Amino acid sequence: CVVDLRAYEGDVHTVDWTSVDVSTSCRFVYGRDLPIDRTLTSVRDARRSDVPIRNETALRYAVRPDLWQSGQGLERWVHTAFAR
C-alpha cells in the first residue's frame, strides 16, 4: 500500500495519521513491484545490531510515483481481493 501525500500542504511527519485520513489516497500494488527489499533488509539488520533502531513500525518510505500510480484504489482493491 502506498499513500500519496504529495497534495498535503503541511508537514506529513507531524501528523498522527489514521486510516480515515489516508484511505482516499491509498494505492495498492504488488509488493514485488516496489523496490523496498534493500530498505527492509537495512531495518532487519538494524534490529539485530548493537545500536537498536527505534520506531521501526512507524517508518515511512518514499517511492517513485511511476511505480505505484497504476495501482488500485482502496475500494477497487477490496472488491478485487474479496470478490467471490
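The values are calculated or read from the model by the stated rules, or taken from the named source; none is laboratory data. Predicted model only: the values in this text are computed from it and were never measured. Here the Cβ is made from the backbone with ideal geometry for all residues, glycine too, and neighbour counts use every protein chain on show. Each accessible area value is taken on the protein alone, full model and side chains, heavy atoms only, with ligands, DNA and RNA left out. Shrake-Rupley method; radii C 1.70, N 1.55, O 1.52, S 1.80 Å.
Observations on the structure shown:
- Selection status of residue 66, modelled with pLDDT under 85 and either surrounded by fewer than 14 Cβ atoms within 10 Å (Cβ to Cβ) or charged (D, E, K, R) (or both): no
- Among (1) at pLDDT 80 or above; (2) open to solvent by 70 Å² or more (accessible area, probe 1.4 Å); (3) not hydrophobic (A, V, I, L, M, F, W, C) - the single one residue 30 does not satisfy: (1)
- The set of residues from the stretch 45-59 being surrounded by 10 or more Cβ atoms within 10 Å (Cβ to Cβ) and within 26 Å of residue 16 (Cβ to Cβ) comprises 46, 47, 53, 56, 59.
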